[in-house]
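Throughout, read-outs are computed from the coordinates displayed, never taken from laboratory work. No experiment lies behind these values; they were computed from the predicted model shown. Ideal geometry is used to build each Cβ from the backbone, glycine not excepted, and the neighbour counts take in all protein chains shown.
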Amino acid sequence: MRIHISSTDGVPIYMQIVQQVRRLVAGGELNPGDELPSIRALADQLLVNPNTVARAYRDLEVAGVVTSSRGLGTYVAETDSQMAHDEKRAVLIERVDALLIESRQLQIPLDEVFEILKTRDTEIFASKNGETEVKNG
Amino acid sequence: MDDRIVEVQNLVRTFGKRRALDDVSMVLERGTVLGLVGQNGAGKTTLIKHILGLLRAESGSVRVFGMDPVANPPGVLSRIGYLSEEGDLPLWMRLDELVRYSAAFYPGWDARYAESLRKEFGLAGDAKLGAMSKGQRARAGLLVALAFRPELLLLDEPSSGLDPVVRRDILGAIIRTIADEGRTVLFSSHLLAEVEQVSDRIVMVRAGKIVLDDELAEIKMTHHRVDLGFAEALSTPPVLAGAVGWMGGGKNWSVVWRGDIHLLEAAVAKTGGRVLNRGGVSLDDIFVAHAGGSIA
């Protein structure tokens, strides 16, 4: 499982694991029924405290992202399409929250933020022939 | 069984006129990895020596596994796997001699585990400890500290001055120890990225006092880096409730701030400034802020 831990940012490690597993599931890199590494194996791989991995798995289970049965391992949960959609929204909302906080700190009003979003969407995705082209700046 | 592996209450220790430990109280619960951090001379090693029973409490009390380590050294020491920066190994011995010697001392010695660690660490049985590199010697010390599966693993600056490969072995050992249920780790280090990777709980000492004692995740959630802007230049940092350490000057200040993030804006409003930017902080930054001396 492709997870990267950074100790320089302010996010607790268990939360980094939770967020990254959610993204992997929402992005289709992990599918329902896929088995997650054991707590011990992931702790060894990331070189982090097993208690931390256990806490992340617990949070993921409470959120319905994974299911675990004692002794049998942890699996990505079966989800109906509504739940899968909710999960994608949850991932996006994390990013939107960061955007909103930053907009407020930069004192850019919400209307202008909408404008920027629309303009950038057009600039990024509406290029001719359906090609995707990312412009900087 | 008592879940308090270590309990220190109101411990005081003076060296001459200097208070090396000043009314220190802390608890280490079973199954926890506790990272003890602080600058050189802050009191980390003095605290560890009390836990090992090498120093007697001047006032206050120290209990390890519910016992007084000074009154009952064998009862305590036979249950602690200890590794210090210096290693304290008998340098004239060969590794296989050290293993035999240690096996006789610790009732719970696991010869098969010792052998598997020896292979994993790439150590030769007939190698003399005095002839080993610093990294190899640290591995030998780690082997002895782990092979009797101690209830408490106590590491005093274990990775100081070692290369990253050996440090990885040491972190791996901490992780493996805690993965076996009911075992507990106390380790001191100034390498905060490592501490952050493996600790459940952090105790930060400064000039003999504990300035921070909390779960790591809680510390990370309650400390923030905030950049502030002011209309007029300030010659000293503004008075801001929750501020731990300041940097900057003039119209732009940066603060490590401790508190509920929802209360930040209101607290900053009282200073007459505004929040320009904010984000999380690494344990390193939190440590520097707490050690910085700008705390009132």
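Annotations
- The Rg/Rh ratio of chain A, with Rg taken over Cα atoms and Rh as the Kirkwood radius over Cα pairs, comes to 1.06.
- Label-point separation, B:Tyr113 to B:Gln9 (7 Å along Cα→Cβ), nm: 3.2 nm
- Distant-in-sequence amide contacts of B:Val211, defined by a placed amide H-H separation under 5 Å and a gap of 5 or more residues or a different chain, comprise B:Met204, B:Val205, B:Arg206.
- Over the C-alpha atoms of the protein assembly as shown, the Rg to Rh ratio, Rh being the Kirkwood estimate, stands at 1.03.
- Per-residue shielding of B:194-200, expressed as the average number of other chain Cβ atoms within 10 Å of the residue Cβ, stands at 5.
- Amide H contacts under 5 Å for B:Ala147, placed H, 5+ residues apart: none
- Of B:Lys17/B:Lys134; B:Lys220/B:Lys270; B:Lys44/B:Lys220, pairs whose Cα-Cα distance is over 27 Å: B:Lys17/B:Lys134
- Near B:Leu264, once Lys and Arg are set to +1 and Asp and Glu to -1 for all other residues with Cβ below 13 Å from its Cβ, the sum equals +3.
- Loop GluC sites (Glu not before Pro), the range B:180-243 (other Cβ atoms within 10 Å of the site Cβ: 13 or fewer; DSSP): B:Glu181
- For chain A, the longest site-free run once trypsin sites (Lys or Arg not before Pro) in DSSP loop states with at most 13 other Cβ atoms within 10 Å are removed: A:3-69
- A dipole drawn for chain B from +1 and -1 charges on Cβ atoms has a positive end, and of B:Leu155, B:Thr177, B:Ile202 the residue lying farthest that way is B:Leu155.
- Dipole axis of chain B (+1 Lys, Arg; -1 Asp, Glu on Cβ), positive-most option in B:Ser254, B:Leu55, B:Leu228: B:Leu55
- Cα-derived Rg over Rh, computed across the range A:81-130 with Rh taken as Kirkwood radius: 1.10
- Residue among A:Asp86, A:Asp121, A:Asp44 with the largest mean-square fluctuation in a Gaussian network model of chain A, springs linking Cα atoms under 10 Å: A:Asp121
- Dividing the summed helix terms, -39500 (n - 2.57) for each DSSP H run of n ≥ 4, by the number of residues in the protein assembly as shown produces a 222 nm estimate of -12000 deg cm²/dmol to the nearest 500.
- For chain B, size of Cβ-based charge dipole, Lys and Arg +1, Asp and Glu -1, in debye: 540 debye
- Average Cα contact separation per residue, the range B:221-291, under 8 Å, 6 or more apart, as relative contact order %: 42 percent
- Kirkwood Rh in Å, taken over the range B:221-291 so that all alpha-carbon pairs contribute: 12.0 Å
- For B:Lys209, the aspartates and glutamates whose Cα comes closer than 14 Å to its Cα, not counting residues fewer than 8 places off in the same chain, are B:Asp22, B:Asp23.
- Shape category assigned to chain B from the gyration tensor of Cα positions, a/c cut at 1.5: prolate
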